[in-house]
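The values are calculated or read from the model by the stated rules, or taken from the named source; none is laboratory data. Everything numeric here is computed off the predicted structure, so don't read it as measured data. We place every Cβ from the backbone using ideal geometry, glycine too, and count neighbours over all the protein chains shown.
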């Protein structure tokens, strides 16, 4: 098994959005979990911010393309942005990319 497949199948490194919503669903009932998901998808600012977020990410990280991000739904794009913004400094990710690129060239 490749390392990336191993990471993707590890419960410690994967997170299912439905499992998270279920934590906050009264009685852990599916109808409330679906309601929470619908509320997330219908957030007023969702559609208006997705374009800005994609542009910000592709400008900040020159290794990301719009096509890379088009593989994700609007909701996933905002979750990606929040995740990256919450756990990393953007400059650290850029430094990592520069390091890896420079290392490849040597």
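Quick notes on this structure:
Here is a yes/no grid of residues against (1) touching a helix residue (DSSP H, G or I) at 6+ places or on another chain (Cβ under 7 Å); (2) at positive phi; (3) in a helix (DSSP H, G or I); (4) at pLDDT below 90:
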{"position": "15", "(1), (2), (3), (4)": "no, no, no, yes"}
{"position": "22", "(1), (2), (3), (4)": "yes, no, yes, no"}
{"position": "53", "(1), (2), (3), (4)": "yes, no, yes, no"}
{"position": "59", "(1), (2), (3), (4)": "no, no, yes, no"}
{"position": "94", "(1), (2), (3), (4)": "no, no, yes, yes"}
{"position": "101", "(1), (2), (3), (4)": "no, no, yes, yes"}
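Residue by residue, here is whether (1) over 30 Å from residue 98 (Cβ atoms); (2) under 14 Å from the mean Cα position of the chain (by Cα); (3) surrounded by 11 or more Cβ atoms within 10 Å (Cβ to Cβ); (4) not assigned by TED's automatic domain parsing to the domain that holds residue 101 holds:
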{"site": "11", "(1), (2), (3), (4)": "yes, no, no, yes"}
{"site": "17", "(1), (2), (3), (4)": "yes, yes, yes, yes"}
{"site": "29", "(1), (2), (3), (4)": "yes, no, yes, yes"}
{"site": "60", "(1), (2), (3), (4)": "no, no, yes, no"}
{"site": "64", "(1), (2), (3), (4)": "no, yes, yes, no"}
{"site": "71", "(1), (2), (3), (4)": "no, yes, no, no"}
{"site": "82", "(1), (2), (3), (4)": "no, yes, yes, no"}
{"site": "86", "(1), (2), (3), (4)": "no, yes, no, no"}
